[in-house]
Structures are given as C-alpha cells and as structure tokens.
Amino acid sequence: MSERTDELAAIHNVSGGIMINLGGNKLNYADSEHVTTTESYDPDHQYHFTGQCHMGCRTFNVSVDGSELFFYRNTPSATLQSTLSNTPDEREWLNNGFCDECHDKLQKEGYIKKDGPQE
Ligand SMILES: [Zn+2]
C-alpha cells in the first residue's frame, strides 16, 4: 500500500465508526488542512471549499449555504444528508474526502466501512 493509502485509512479510522457529538458536527474532510475555505456574502453567506479528492483524481469546488452549515454544525442530531442541499457526491467529499468512484473502490478494498455514520 502507498503512504497515501495508509494516511487516508488513518483519517477514516478517526472519522468513521462512532459519531461523537461534542455539541456540534464537523465536516470531517472539509475542516481538515487538505481543504481551503473561503466565504462570500453576495448576496447570501456561502462557504466555498476547494480541494482534491483525497486520491488526487479530481478537484472539488463546493459551495455550501451559510445557514445550512450553521444549522449542521450547531445541531447534534443533524446529518449532512438532511441538512445540506448539495449533491450526494459533494456531501461525500466534504465529509470523507473522496469522490464517489474512489469511495466505492476503497469500500470494496475494506478501507471504508459500509455502515459509516453518514447514510
Ligand atoms: Zn476520486
């Protein structure tokens, strides 16, 4: 296995499995050092997350509505699926750092558990 694969396996051990809520939720991947975040306020407050699929296959530029993200972060019972009006592919990347294709591949290889906290 490459170093990169080991690294992402480690990341997933942290984010996968049991979801611990300390009064709020995180975007596990988008909040990491791998992703650049900017904000805009015209006309509405939005966060823009820029980074790569963690396997390096493509670049994501994902915009998230500010009020949706605020609700997600501050509502322990909220899920990404029910809160963010982004595409499933975008939500997957924000939380796990992989595009659908790589996520499926890693799941088949056993790096990602099928029954993660997100859907
Ligand atoms: Zn990918």
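The values are calculated or read from the model by the stated rules, or taken from the named source; none is laboratory data. On a predicted model such as this, the values are computed, not experimentally measured, just so you know. No Cβ is skipped: glycine too gets one built from the backbone with ideal geometry, and neighbour counts run over all protein chains shown.
Worth pointing out:
- Any chance LEU106 is modelled with pLDDT of 90 or more and within 13 Å of LEU27 (Cβ to Cβ): no
- Residue match in the stretch 106-113 (condition: touching a residue at least 24 places away in the same chain (Cβ under 8 Å) and charged (D, E, K, R)): yes
- Complete set of residues in the stretch 62-78 that are surrounded by fewer than 17 Cβ atoms within 10 Å (Cβ to Cβ) and either aromatic (Phe, Trp, Tyr) or within 16 Å of the ligand (Cβ to nearest atom) (or both): PHE70, PHE71
- Residue in the stretch 8-22 that is more than 25 Å from GLU101 (Cα to Cα), of a type outside the set (A, V, I, L, M) and at pLDDT below 95 present: yes
- Matching option when the condition is within 16 Å of the ligand (Cβ to nearest atom), out of contact with any Leu (no Cβ under 8 Å at 6 or more places or on another chain) and either within 26 Å of CYS102 (Cβ to Cβ) or small (Gly, Ala, Ser) (or both), among THR59, THR36: THR59
- Taken over the stretch 22-38, the criterion of being closer than 22 Å to ALA78 by Cα and either within 10 Å of the chain's Cα centre (by Cα) or assigned to a strand (DSSP E or B) (or both) is satisfied by LYS26, LEU27, ASN28, TYR29, ALA30, ASP31, SER32, THR37.
- Against the criterion of being surrounded by fewer than 16 Cβ atoms within 10 Å (Cβ to Cβ), within 16 Å of the ligand (Cβ to nearest atom) and at pLDDT below 95, GLU101 qualifies.
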